[in-house]
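Quick note: the coordinates plus some simple rules give every number you see, no bench work behind them. Nothing here was measured: the structure is a model prediction, and the numbers come from that model. Here the Cβ positions follow ideal geometry from the backbone for every residue, glycine too, while neighbour counts run over all protein chains shown.
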Amino acid sequence: YTYYVTEAPLVGYDTTETGMNIENALKTGDLTVHKQWSEPEGEAKNRPDDPIILTLYATVPDGQGGTRTLFERTATITTGSDTDWTYVFDGLPLYDSASGGVAQRIEYLLKESAIGGYELVGADEQGHIQVPVSTEAGWEVSLTNRMQQLNIVVEKEWIGDDAVAEETRISPLVFTLE
């Protein structure tokens, strides 16, 4: 007699069959985070000197319309003019198998520490960025910080020249902020 063992594919696992041995390994991937800056030319001097802290949250549906956090990982991006502003979270599970034996796709949320004078583009009210779902071994996301705009209202009031006609006043007035 000759015996064979086969196994139906399991969602979220890579399966290796060697003779009568079957090995299932949870699928993992690497997430590369690229830090980008949106600012007027010459304003890079306003970027932070302190490290930027990234927090990655792994979540799955909780079965009641919400989500639950499986785990979180924290990483630090060092700063400086020669920094490539990139970090790789490696070995991230793509599926959660602890949810009643059914593999669920893990969704990731990314949050970074607040950076004075900048706002994180695309962040929700809690400051999270949704990481695009991937089934690949490696995927990427870009975090873009845009320099915050400052609105300054300037009013010019003419005092003591009521006799001067409106059309004789200098127009337009130019103000320089330094």
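The calculated FRET efficiency for residue 5 paired with residue 126, based on their beta-carbon distance and R0 = 41 Å, is about 0.30.
Computed from label points 7 Å out along Cα-Cβ, the spacing between residue 88 and residue 142 is 2.0 nm. Counting only residues at least eight positions apart within a chain, or on another chain, the lysines with an alpha carbon under 19 Å from that of residue 111 are 35. With contacts taken as Cα pairs under 8 Å at a separation of at least 6 residues, the chain carries a relative contact order of 25 percent. Sorting the segments 63-70, 113-120, 138-145 by their residues' average number of neighbouring beta-carbon atoms within 10 angstrom, most packed first, yields 138-145, 113-120, 63-70.
Could you size up the charge dipole of the chain around its Cα centre, putting +1 on the beta carbon of Lys and Arg and -1 on that of Asp and Glu, and report it in debye to the nearest 20?
Numbers: 11 positive and 30 negative charges, 129 e Å.
Magnitude of the dipole: close to 620 debye.
Normalised by 2.2 N^0.38 Å, where N counts its residues, the alpha-carbon radius of gyration of region 120-159 equals 2.22.
Potential lengthening of the chain between residue 150 and residue 105 amounts to 12.1 nm, from the contour at 0.36 nm per residue minus the alpha-carbon distance. The convex hull around the C-alpha trace of the chain, projected and averaged over every direction, spans 18.6 square nanometres.
Here's the picture: charge each Lys and Arg Cβ at +1 and each Asp and Glu Cβ at -1 in the chain, and of 108, 70, 36 the one pushed furthest to the positive end of that dipole is 70.
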